[in-house]
1. Just the accessible area per residue of region 18-94, please: how many Å² with a 1.4 Å probe?
2. Before anything else, pin down the relative contact order of the chain: Cα pairs under 8 Å, at least 6 apart, normalised by residue count, whole percent.
3. Under a 1.4 Å probe, what is the accessible area of region 360-409 per residue, stated in Å²?
4. First measure r as the distance between the Cβ atoms of Ala3 and Gln432, then evaluate 1/(1 + (r/R0)^6) with R0 = 45 Å and state the FRET efficiency to the nearest 0.05.
5. Can you list the residues, at least 5 places off or on another chain, whose amide H is less than 5 Å from the amide H of Glu175, using H built in the peptide plane?
6. Give the carbon-plus-sulfur fraction of the accessible surface of region 332-439 in %, rounded to a whole number; probe 1.4 Å, heavy atoms of protein chains only.
7. Using a 1.4 Å probe, how large is the accessible area of Asp371, given in Å² and rounded to the nearest 10?
8. For Lys32, what accessible area in Å² do you get when you roll a 1.4 Å probe over the heavy atoms of the protein chains, rounding to the nearest 10?
Amino acid sequence: MTARPRIVGALAGLLATAWFFVLALARFNQAKATSYDLTIFSQAAAAWRRGELPRSFVRGPDTLLADHFSPATAVFAPVWALWPDPRALLLTQAVCLGLAVGIVVAVTHARLGPTAAGWVLLTALLGRMLVAGDIFDVHEVALAVPLMAVLGWALLERRLPAAVLAALGLVLVKEDLGLTVVAAGAVWWWLRGRGRRALAEGALLVAIGVAGLALAVAVIAHFNGGGSSYLDYFTGGSGGALADHSARPTPGLHLDQRVLPVLLFTATAFVVGWRSPLILLALPTLAWRLLSSNASYWSVSFHYDLVLWPVAVLAAVDAVRRHRLAERAWLRPVAVLSGLAVMASGLTLLVDKGIDPRAAFSRSAELADLDRLMVGVPAGATVAAQNHLGPYLTPRFEVTMLGTGRPERVRYVVLAADRRPEFQAPPCARDQLLRDLRGQPGVMIRQVGDLVLADLGTSRPAGLRACPAG
């Protein structure tokens, strides 16, 4: 790769980092961040910083390694040490996405020229895959996005050391990515010529993937009492202990909604990406999402598409170069229409979620009310907070999430006395809890705007009650 694509890639990466941080910060400042998952990863970062295994008061007493095999989140520790605030993780995620965009744009520029690179950059900034992940708190899979970009580049350029390093990183990000690394071994063999040497080199990647998968399963089983609750989703179950925290299949959902990830992937790959062997890298992630009984995995509004973005675009770049598609008259309209579709989808999501980029430079009135509400509460106090309030309390307090059917062993409760829907805390349940709290002797209540703080003292009222049916 010459100097010019590298420079273009670096500039694209910086622009993408800035843009994705603005979007994430805007959502944060609009009081739209959530404990599930920003508080979870913030508390994990703080635990790593203390030299402990990652834990979260929101998720319970067990290490988060009982939930997902993500030792790569240890990179959050130095970030948290420098800036112990959830926004530090939002910035880290934006940097990861920016790195991936820079790599992919550089590869596109080197192989297809500046026009294609510019179109890829524009679709990356506004396309649904990266936008959806960026505006939904922080997740460990963001760490895999630049690694996936490096892996794709290394496969195309036949750079085995880079492919091995990327593979080693990927298996430490999340347990399912071992399957992706296994697929990378097959891609290497295919692209390298399918001879004995290619077979041996591909087998090395397969071995890394298998070892990573085995290690992940062993660690999760060790900390989770013999297995993973997520496997229940693949037998039609609700996830066992995770059922209260995961979207369940809704009656009436059929196979047509399960193909949404495939449709988005196809559009992001400009359709032609399916003609590249790199497409094998996407199949494990697409497969487990489609086979799962968890309706959340079928959605294209969360973070599950992040790792697929580098694969989709690099597969398209490879297909155009490999099959000389640039000479075909139909390529340009297909690329334009596909790009417009993914950008329209991304912009629609921003509108639907009410994300205003200008909010990155100011804080909402609700957050100002929250600051005033918490004046006088001692640092380190245990607080049960509504899902959308928890992240803003995390730097100062030990925060758990107010949840239906979960008695909270805390000193303070923070909630909103309004009618907004809330994960694990619907308005009817919050109303009942407030009545319980106000009727409990020794409980001190303070309200600022719509926000309520209850100091339980020595009282221990019951947690949120489930709303009556209907």
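The values are calculated or read from the model by the stated rules, or taken from the named source; none is laboratory data. Everything quoted here is computed from the prediction, not taken from an experiment. Quick reminder, even Gly has a Cβ in these numbers, built from the backbone with ideal geometry, and neighbours come from all protein chains shown. Remember, those area values only see protein heavy atoms, side chains included, never the ligands or the DNA or RNA. Shrake-Rupley method; radii C 1.70, N 1.55, O 1.52, S 1.80 Å.
1. With the other protein chains kept in place, region 18-94 gives 34 Å² per residue.
2. Details: 866 pairs, mean separation 85.7, N = 470.
Rounded, it is 18 percent for the chain.
3. On the way: 2060 Å² over 50 residues.
About 41 Å² of surface per residue is accessible.
4. With R0 = 45 Å, the Cβ-Cβ based efficiency is 0.10.
5. HN-HN under 5 Å from Glu175: Phe69.
6. Looking at region 332-439 in its full context, I get 59 percent from C and S.
7. Roll a 1.4 Å probe over it and Asp371 shows about 80 Å².
8. The value for Lys32 is about 70 Å².
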